[in-house]
Amino acid sequence: MKRPDFMEMALIEAQAAAGRGEVPVGAVVAFGGEAVCREGNRTRELTDPTAHAEILAIRQAARALGAERLTEADLYVTLEPCAMCAGAISFARIRRLYFGAADEKGGAVVSGPRFFAQPTCHHAPEVYGGFREAEAAGLLTEFFRARRPG
């Protein structure tokens, strides 16, 4: 039996986000080898600056699993999480984080403040970066190129 490609699912959600005019970031929470939920950015659609793909996916997973701590869940996201999302990942006690492209400007995991390495961080997931990185970065590059001509 073929294992689900959770990063592929996240990339599909990122493409859907771009189709809605959102920054193309997608996220999937996996539990027990299955996708519990899939989400893409919805900050514009929901008029909510916290409606990042990771936050929405964590909220849905917590509801679906009936727990605020997702200690056996893994998060797949197309872009390195920002500080807000890293905080949510920590508070949710996500087991593993897999991300596509690094975000030197807004990322907070391997870039910027390196949230999980801070002494005030109560839980740090295992972190794995670079999954389908070229595809994830390409979606973002194309999205912003189309909006910033010249």
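The values are calculated or read from the model by the stated rules, or taken from the named source; none is laboratory data. Just so we're clear, the structure is a prediction, and the values are computed from it rather than from any experiment. Cβ: placed from backbone, ideal geometry, glycine included. Neighbour counts: every protein chain shown. Surface areas here come from the heavy atoms of the whole protein model, side chains and all, with no ligands, DNA or RNA. Shrake-Rupley method; radii C 1.70, N 1.55, O 1.52, S 1.80 Å.
For Phe99, which of the numbered conditions (1) surrounded by 20 or more Cβ atoms within 10 Å (Cβ to Cβ); (2) touching a residue at least 40 places away in the same chain (Cβ under 8 Å) fails to hold?
Among (1) surrounded by 20 or more Cβ atoms within 10 Å (Cβ to Cβ); (2) touching a residue at least 40 places away in the same chain (Cβ under 8 Å), the lone unmet condition for Phe99 is (2).
Taking the conditions exactly as written (without any contact (Cβ under 8 Å) to a residue 24 or more places away in the chain, among the polar types (S, T, N, Q), on the phi > 0 side of the Ramachandran plot and surrounded by fewer than 17 Cβ atoms within 10 Å (Cβ to Cβ)), does Thr47 satisfy them or not?
The answer is yes for Thr47.
Filter region 3-13 down to residues that are under 15 Å from Ala137 (Cα atoms) and open to solvent by 50 Å² or more (accessible area, probe 1.4 Å), then give me how many there are.
The total comes to 2.
Table: residues versus (1) within 23 Å of Thr71 (Cβ to Cβ); (2) touching a Cys at 6+ places or on another chain (Cβ under 6 Å); (3) open to solvent by less than 30 Å² (accessible area, probe 1.4 Å).
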{"residue": "Gln15", "(1), (2), (3)": "no, no, no"}
{"residue": "Arg20", "(1), (2), (3)": "no, no, no"}
{"residue": "Val25", "(1), (2), (3)": "no, no, yes"}
{"residue": "Ala30", "(1), (2), (3)": "yes, no, yes"}
{"residue": "Ala35", "(1), (2), (3)": "yes, no, no"}
{"residue": "Glu39", "(1), (2), (3)": "yes, no, yes"}
{"residue": "Thr43", "(1), (2), (3)": "no, no, no"}
{"residue": "His52", "(1), (2), (3)": "yes, yes, no"}
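Quick test of your reading of the structure: Gln60 fulfils all but one of (1) in contact with a strand residue (DSSP E or B) (Cβ under 8 Å, 6 or more places away or on another chain); (2) open to solvent by 40 Å² or more (accessible area, probe 1.4 Å); (3) not in a helix (DSSP H, G or I). Name the failing condition by number.
(3) is the only condition that Gln60 fails.
Given the residues Ala10, Ala17, which is the only one that is within 20 Å of Glu133 (Cβ to Cβ), touching a strand residue (DSSP E or B) at 6+ places or on another chain (Cβ under 6 Å) and touching a residue at least 40 places away in the same chain (Cβ under 8 Å)?
Matching residue, one of Ala10, Ala17: Ala10.
When region 92-150 is examined, which residues are found to be within 25 Å of Gln60 (Cα to Cα), among the hydrophobic types (A, V, I, L, M, F, W, C) and not in a loop (DSSP other than H, G, I, E, B)?
Once the filter is applied, which keeps residues that are within 25 Å of Gln60 (Cα to Cα), among the hydrophobic types (A, V, I, L, M, F, W, C) and not in a loop (DSSP other than H, G, I, E, B), region 92-150 yields Ala92, Leu97, Phe99, Ala101, Phe115, Phe116, Val127, Ala136, Leu139, Leu140.
Within region 56-72, is even one residue without any contact (Cβ under 8 Å) to a residue 12 or more places away in the chain and hydroxyl-bearing (Ser, Thr, Tyr)?
No: zero hits.
Could you pull out the residue among Phe131, Phe115 that is within 15 Å of Ala27 (Cβ to Cβ) and open to solvent by 50 Å² or more (accessible area, probe 1.4 Å)?
Only one candidate passes the filter, namely Phe131.
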